1. If I model a spin label as a point 7 Å beyond the Cα along the Cα-Cβ vector, how far apart are those points for GLU471 and LEU419 in nm?
2. Considering the chain, which cysteines have no disulfide-compatible partner, defined as another cysteine with its Cβ under 4.7 Å away?
3. Residues of the stretch 15-33 with backbone nitrogen within less than 19 Å of a virtual label 7 Å along the Cα-to-Cβ line of ASP330, please, listed as ranges.
4. Can you figure out the FRET efficiency of THR436 with TYR581, using R₀ = 25 Å and their beta-carbon distance, to the nearest 0.05?
5. Please turn the phi angles of the stretch 222-231 into ³J(HN,Hα) values with the Karplus equation 6.51 cos²θ - 1.76 cosθ + 1.60 (θ = phi - 60°), one per residue in order, whole Hz, x for glycine and proline.
6. For the residue pair THR73 and LYS266, what label-to-label distance in nm results when each label sits 7 Å from Cα along the Cα-to-beta-carbon direction?
7. In debye to the nearest 20, how big a dipole does the chain give about its Cα centre with +1 on each Lys and Arg Cβ and -1 on each Asp and Glu Cβ?
8. Could you calculate the contour length gain from ASN2 to SER682, that is, 0.36 nm times the residue separation minus the distance between their Cα atoms, to one decimal place in nm?
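Laboratory data are not the source of any read-out in this text; all were calculated from the coordinates shown. Owing to the predicted nature of the structure, the values given are computational and were not obtained by experimental measurement. Note: ideal-geometry Cβ built from the backbone for every residue, glycine included; neighbour counts use all protein chains shown.
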Amino acid sequence: MNRPRLIPLVLLKQGLVVRSSGFQTHQAIGNPISTIGRFSHWNADELIVIDISDSDFHDLRRDDLQQRYAGQTVLDVLAEITKVCFMPLTFGGRIRTSRDIEMRLGAGADKVAINTASVDNPGFIRIAAENFGSQAIVASIDVLLHPDGRREVMVEAGKRGTGFAPADWARRVEDLGAGEILLNSIDRDGQGNGLDLELIQDITEAVNVPVIACGGVGRYEHLSPAITQAGASAVAAANIFHFCELSYPTAKRHMIDDGVPLRPVKLNSRWFPREPIYDDAAEDTRVEARLTRADNSDFVAATPGPRPPIQWCTQCLYPSISAAPMEFDDDGVCTGCKMSALKDTITSQEWDRRKELLRDILESNRSHDGSRHDCVIAVSGGKDSWFQIHVIKNELGLNPLLVTYDGNNWTEVGWRNLLRMKEVFGCDHIVVSPSTDTLKKLNRLGVEILGDMSWHAHIGITTVPVRVAVENQIPIVIWGEHGYQDLCGQFDLNDFPEMSYRDRLEHFARGYEWNYFVGREELEERDLIHWRYPSDQALHDLDCRGIYLGNYVFWDANRHVELMIEKYGFELPKEPFDRTYRRMSNLDDMHENGAHDYLKYIKFGYGRCTDHVCKDIRAGLMTREEGIELIKRYDHVRPKDLDRWLDYVGMDADRFDRLADTFRDPRVWWMENGEWKRHEVS
């Protein structure tokens, strides 16, 4: 018997993985290499990758990532994907000729998915099947449900109708030699309301080849009916696998519990471990080359190759080359603004419903016998931390354990706010303080290797609370807002994304796991314990979840700080920051608004002031023109706290500047008459 399959589907657009909705809205999720590597580690049954790019130009949009691909074509991306893909791979999109098929199979794909070309030239399917075998040819069929109830096969990414009824077209591509059908529902894409079971059954009853059902999965329980009720041979999903920790094995477990005879759940691939295995010799050569460039007095930024021009959102002021990946619509509006506008449409009744969902999650996981804390709250001492405790402890009545990663960079007011929390709210509080010597080494290595002294903090903050939760068998960890959802609209507000290992490795660590630093500056494994994430087995056994409070409670930082000051005496700094006009954001870490953000400016040409301006424009607190003036005033400023950091780690200012210059993104910066120039916000 051929077992049914559960297949992750990854959408690739201009080099990034994207979340899709209705084949029209695409939100940048991140790096295809780390995404697909995670599926390999989970022993996924198969993988489908569809390139929906407008052109054959692919770019990760930042050059400080450890996991990246060389070149800018889809074949360059595919070649890198196949290095981390330990499962059968179907690759589709922009396939028009036999040569296209040959090159994709030659680059490592096992099968190709053909859509538009099969309609424009039906004989192409027959030729492809004859040349490469039916087993390598998947007919991709996208179907739109019209208001009158009629279903029509669409091509060109759902933009052009064909007049074909789905079942008729499915029989035709089977007769032409297609060995499999990938069936997608356009109107259900990204909606999360469930698969179109009627459509799936129509197709499975019309053909004898395997049918892969896709389009509309929003919950794990949506998966099984495609097989058990509608007769599909496999079910595929895209968005849902980006949302949660252990998403694929959890989905498979649900399906097996439903009676679907899938291959067993296996968390740890013997072929592909979770933590990356680094080529130490190659990495040493790469790092040494950067240090050599920094020592070269004649250093000039790399000449940019063919790159798309930088644009700024026409509503806020985010640039297209940003630390947080985002997309722009045809009117030049970024996904961050679009999701912010969508948030404004959520009614108070819906927020009440969401809060009840949160209450249900917490109640089902709380300690009813008092043998442990009810949940962990990851706190830093800032306004958002206080607000989280206010909601969880004082509004919902739980007994949380507060957990803090101590990066040794506290401002005076930030430290006072941190220490007062347990007194103000009456909570137990664990502060994990790594060795200062280790922190200094990681600060230096962060600047030398990835242009960010705060690598240790990004990973410490996202690891320590989860470690404490697992050690104390507390299944729920509470975080504040999902940063990338808030800044760049990475997810839809109905996705309810959660903290995950992949999110941590890709976005917070930028591909540099703890083991990358073993052996550098004489660091040993035992020195890096605090940055080691719990195993997948430990997370699975505990059913550990990282919940973002901002998905369930209306999140407005300006309102939060006013409430925390009024109710609990939260303290703001008396002195303004050097690089932003806001006084209430990121006040716990002296380098977050300063030296760390200054490095972001050097890389991407924008800084913390831009982040704050964009939030306030979206909130209606300032105009775009007022924001531009603030950006011109603050974003370029060299912060005073940099002197503290240089003294702390023993690095001179000239050395720092030279290292920083090697990270200037050539999409943004160029050298002119001995001075750095950049594209100015407009």
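1. 2.3 nm
2. If one checks each Cβ against the other cysteines of the chain, CYS85, CYS214, CYS244, CYS337, CYS375, CYS427, CYS488, CYS544, CYS609 turn up with nothing under 4.7 Å.
3. 20-27
4. Computed FRET efficiency for THR436 and TYR581 comes out at 0.15.
5. 6, 6, 4, x, 4, 9, 6, 10, 9, x
6. In this crude spin-label approximation the distance works out to 3.5 nm.
7. Here the chain has a charge dipole of around 160 debye.
8. Working: separation 680, 0.36 × 680 = 244.80 nm, distance 5.76 nm.
Using 0.36 nm per residue and subtracting the Cα-Cα distance, I get 239.0 nm.
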